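The values are calculated or read from the model by the stated rules, or taken from the named source; none is laboratory data. Quantities reported herein were computed from a predicted structural model and do not represent experimental measurements. As a convention, Cβ positions derive from the backbone with ideal geometry for all residues, glycine included, and neighbour counts pool all protein chains shown. Surface accessibility is based on the protein's heavy atoms, side chains included, excluding ligands, DNA and RNA. Shrake-Rupley method; radii C 1.70, N 1.55, O 1.52, S 1.80 Å.
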Amino acid sequence: SYVLRVNRDKSESIELDNDTVVGLRKIFRTITEKSRPTVGYDGDEIDIDAYIENQIRGYDITKCFKDVKRHQGASVVISVDASGSMENGRIEVARQLVASLFASVKDYPNIELKANVWSSNQRGDVGITDINNLEDCNQIVTGNDGQCMMTPTHLALDYSSRQLKRMKGQKKLMILITDGLPQYQNNYYSLKKKQLLVMNQKALLRARRTTPNIMIVSVGMHQYGEWFLEECFGKKRIMNVRSMYDASDVVVNRFKNLVKSVLR
């Protein structure tokens, strides 16, 4: 009910960070090729222990063949803060990171990736723009026809967790990109920072019912934004990025560790 679909100004070009794309493609290839041993009805070799246990317990003794179960894929939602405070280069960093992620998964159909861009107006409507492919990434900008320039982080979490819940991957991951500064008005009434903190903490709890795997990418945040994100999400969930030019190695390495830990 709070969603307002908005058209956003389009950036002139979509830039990729090639180092990030190459590094992430290796990670996603590892995920798609990952398998684990299992016991089932198909296979070339009998698992003696499984055969004996089935016979003792009265189970189906034909379910005793050694098999390999392939990874059933993953679903990833990237939620991008496009409020006014994301200007001055921050939104460009976010756009490049999201575009690089889309480029890195294009050859892996069992990695489902979606993104959304959000900000809100003074009435409390959250202007949402869905990003479904690399070409859509030119809409990751702050300008929009709904005049939405505020930062409703709690509602962005709700929207993204609902979107992720409908996706079919065996493993689920949510990535939130923001500068960490919440700002929200409801019917032209400005909510206080303490109210927003509590609302975001509750939104995180609801989002964790969909997935415990939530990563926060903070872009050029200052001291208050850093404190807010840590209070909401904890230090372990947060990855700091200043620019794609001097931080591509950091992005790949941190993302590699986090993705491997949540999608194993």
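Structure above, values below:
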{"item": "Count - residues of segment 208-236 that are in contact with a strand residue (DSSP E or B) (Cβ under 6 Å, 6 or more places away or on another chain) and under 15 Å from LYS172 (Cα atoms)", "result": "5"}
{"item": "Conditions (1) at pLDDT 90 or above; (2) open to solvent by 70 Å² or more (accessible area, probe 1.4 Å); (3) not acidic (Asp, Glu): number failed by ARG95", "result": "(2)"}
{"item": "Scope segment 157-197; condition among the aliphatic types (A, V, I, L, M), assigned to a helix (DSSP H, G or I) and either within 30 Å of PHE28 (Cβ to Cβ) or open to solvent by 80 Å² or more (accessible area, probe 1.4 Å) (or both); matching residues", "result": "LEU157, LEU164"}
{"item": "Residues (within 22 Å of ALA115 (Cα to Cα) and not aliphatic (A, V, I, L, M)) located in segment 171-200", "result": "LYS171, LYS172, THR178, ASP179, GLY180, PRO182, GLN183, TYR184, ASN200"}
{"item": "Those residues of segment 119-160 which are more than 15 Å from ILE78 (Cα to Cα) and among the charged types (D, E, K, R), in sequence order", "result": "ARG123, ASP125, GLU135, ASP145"}
{"item": "Failed criterion for ASP107 (all others in (1) open to solvent by 40 Å² or more (accessible area, probe 1.4 Å); (2) within 28 Å of GLN183 (Cα to Cα) hold)", "result": "(2)"}
{"item": "Every residue from segment 213-264 that is open to solvent by 40 Å² or more (accessible area, probe 1.4 Å), under 23 Å from SER104 (Cβ atoms) and modelled with pLDDT of 85 or more", "result": "ARG237"}
{"item": "Any hit, segment 198-214, residues being in a strand (DSSP E or B) and under 18 Å from the mean Cα position of the chain (by Cα)", "result": "yes"}
{"item": "Residues satisfying the stated conditions in segment 139-156, i.e. open to solvent by less than 30 Å² (accessible area, probe 1.4 Å) and not in a loop (DSSP other than H, G, I, E, B)", "result": "ASN144, MET150, THR151, THR153, HIS154, LEU155, ALA156"}
{"item": "Filter pass, CYS148 being of a type outside the set (Gly, Ala, Ser) and within 28 Å of TYR2 (Cβ to Cβ)", "result": "yes"}
{"item": "Top-ranked residue in segment 1-14 [being open to solvent by less than 100 Å² (accessible area, probe 1.4 Å) and of a type outside the set (Val, Ile, Thr); ranked as modelled with the lowest pLDDT]", "result": "SER13"}
